[in-house]
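The structure appears right after this line, and notes come after that.
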């Protein structure tokens, strides 16, 4: 299945189906639209409208064959988003900002994470609670800058990491454990947060540079 992931978001009368695609996959549209239609067929009583969104880091990951599924791709119910072609970072929806953080370079990510934290602290947030969004940003930063000390990451983000749920829970559960056990506890807290951004297990493992099996285990333990 590669990096394919179908995320379903239910709103009253609306079924929203999303896939975040980090790798080239020529079979993506076949699977995505097949599974989407199967899901809609099984849940006909739960919606009266639907939308599909496919998110790519860049257009370079777009499929070479867009003709076969043109009926869907040309529909106003299907949208393709290329993150590197969007507008200014701080004007985009916060959900897209979180996905952008996972693919940003270290230099860009440091600035974007700080700006996003400042924005979240000032603006009202509808998709997720403010503290959960900050936890996700912190999680991405901690793994992206794993070679930095806690103090260096705090200075970069402009906040105290000990105040975040990721650090509080990992510290509480892993105080007497070794490095491997502490990493497992961090993943147990981290993985559920990243799953909420639309990433799947393989994508999280790739972005955090950890084994897929470790992410699978963390996801199961937090279920």
request  = Taking residue 104 as the residue in question, decide whether it is within 25 Å of residue 130 (Cα to Cα) and either touching a strand residue (DSSP E or B) at 6+ places or on another chain (Cβ under 7 Å) or surrounded by fewer than 16 Cβ atoms within 10 Å (Cβ to Cβ) (or both).
outcome  = no
The strands (runs of 3 or more DSSP E) lying wholly within segment 1-77 that contain at least 1 residues that are at pLDDT 90 or above are 47-56
* Asked: Among the residues of segment 47-57, is any more than 21 Å from residue 196 (Cα to Cα) and out of contact with any strand residue (DSSP E or B) (no Cβ under 7 Å at 6 or more places or on another chain)?
  -> no
Checked 124, 105 against criteria (assigned by TED's automatic domain parsing to the domain that holds residue 195, out of contact with any helix residue (DSSP H, G or I) (no Cβ under 9 Å at 6 or more places or on another chain) and at pLDDT below 90); the one match is 105
Residue hits (segment 78-93; over 17 Å from the mean Cα position of the chain (by Cα) and assigned to a helix (DSSP H, G or I)) are 85, 90, 91
Contact list, first residue from segment 133-159 and in contact (Cβ under 8 Å) with a residue 12 or more places away in the chain and in the same structural domain as residue 95 (by TED's automatic domain parsing), second anywhere and buried (at least 17 other Cβ atoms within 10 Å of the Cβ) and outside any helix (DSSP H, G or I), beta-carbon distance below 6 Å, six or more apart or interchain, is 135/164; 138/164; 153/145
Exception for residue 89 within (1) surrounded by 16 or more Cβ atoms within 10 Å (Cβ to Cβ); (2) without any contact (Cβ under 8 Å) to a residue 40 or more places away in the chain; (3) under 20 Å from residue 32 (Cβ atoms) falls at (3)
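The values are calculated or read from the model by the stated rules, or taken from the named source; none is laboratory data. Keep in mind that this is a model prediction, so the values were computed, not measured. When we count neighbours, we look across all protein chains shown, and the Cβ atoms used for this are built from the backbone with ideal geometry, even at glycine.
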